[in-house]
1. With every protein chain kept in the model, how would you rank Thr104, Thr231, Thr165, Thr280 by accessible area, 1.4 Å probe, largest at the top?
2. Could you name the lysines whose alpha carbon sits less than 29 Å from that of Lys3, not counting residues in the same chain fewer than 8 places away?
3. Mind listing the phi-derived Karplus ³J(HN,Hα) values for segment 146-156, rounded to whole Hz, using 6.51, -1.76 and 1.60 with θ = phi - 60°, and x for any glycine or proline?
4. Run the 1.4 Å probe and let me know the accessible area of Phe217, rounded to the nearest 10 Å².
5. How large a share of the accessible area of segment 120-164, in percent, is made up of carbon and sulfur atoms when the probe is 1.4 Å and the other protein chains stay in place?
6. I'd like to check one number: the per residue accessible area of the chain, probe 1.4 Å, reported in Å² as a whole number.
7. Report ³J(HN,Hα) in whole Hz for each residue of segment 175-188, in order, from the Karplus equation J = 6.51 cos²θ - 1.76 cosθ + 1.60 where θ = phi - 60°; Gly and Pro get x.
8. In what sequence, largest accessible area first, do Glu72, Glu202 appear using a 1.4 Å probe?
Amino acid sequence: MQKELTMAYKSIFAPLTHFDSNSAALAYSTAITDAHDAHDAHLEVLCLGVDRAPNTYYDAGSSAVLMHAAIEEAHAHADEMHNGVLKQLAGSGLRWEIVNAVSTTASLGHSIALQARLSDLAIVGSPYGSPHQATQCLALEGLLFEAACPTVIVPKGDHKARPETIVIGWNESKESIRAIRSALPFLQAAASVHVAIIDPPENGPDRSDPGGALAVFLARHGVRCDIQVMTRQGERISDRLARHVTETGADMLVMGGYGHSRFRGAVLGGATRDMLEHSTVPVLMAH
């Protein structure tokens, strides 16, 4: 049975670099805001027009006409998104606002991070397998690594705004515990919570009782959970975790978001990318 919300997300942030009336992320953002409406939840949608002019346009002696045209096109795209979102939110009865902005591709993640840094939760569509993969990846990296904003990555389809069954991927990392703390409003309202521990380290701090300390932490917040220790059985960790999500009939996965610095500000790590690429349920991540 679904529990009443005791904690809630007050500020929910949804960045868009394109508009789709069937967007799972926008629908989920609206549903989350509605589910937390009794706690004064507020939805902010960022319509970000992307200036896609090649970098060479900005070299010395470049054409001011080309630069101006690219910026004007980005503003027009932001306005188009704004109008589409407005039609979907008008009359919803929710607390919401729409903000327009323009950014170059290179600074897209930073622009989104500046807007999201004081939000409780961000919602984005899955970046993989979509025609907008590049901008979606930059948006996700900006949210996780620059804004340090807990983010729900939503795959295509309809999803429960108040998930009844949640799986936590626990590996004792700081990213995992941040994701769990960020997910407490979801966890407290869920009917069942499963903590999945895959191949725990033999010399880890919880080696005699894997997940025991986490279970105590969750219990103090009113969350009852079961601990399930499993082996990879020759699978990748992401595949084993995805299979466990399916086996438990979970509506959401909570896990840490891992990445490392390279030539760009942040690049999602392989295990994180694999999980997001194949997940069929919303994934709440924090870094």
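1. In descending accessible area the options line up as Thr280, Thr231, Thr104, Thr165.
2. Of all the lysines, those that pass the test against Lys3 - Cα under 29 Å, at least 8 places apart if same chain - are Lys156, Lys160, Lys174.
3. 9, 7, 6, 9, x, 9, 9, 9, 10, x, 4
4. Answer for Phe217: close to 50 Å² accessible.
5. The nonpolar share, carbon plus sulfur, comes to 48 percent.
6. Averaged over the residues of the chain, the accessible area is 48 Å².
7. Once θ is set to phi - 60°, the couplings for segment 175-188 become 5, 5, 5, 5, 5, 5, 4, 5, 8, 3, x, 5, 5, 5 Hz.
8. Correct descending sequence by accessible area is Glu202, Glu72.
The values are calculated or read from the model by the stated rules, or taken from the named source; none is laboratory data. Predicted model only: the values in this text are computed from it and were never measured. Each accessible area value is taken on the protein alone, full model and side chains, heavy atoms only, with ligands, DNA and RNA left out. Shrake-Rupley method; radii C 1.70, N 1.55, O 1.52, S 1.80 Å.
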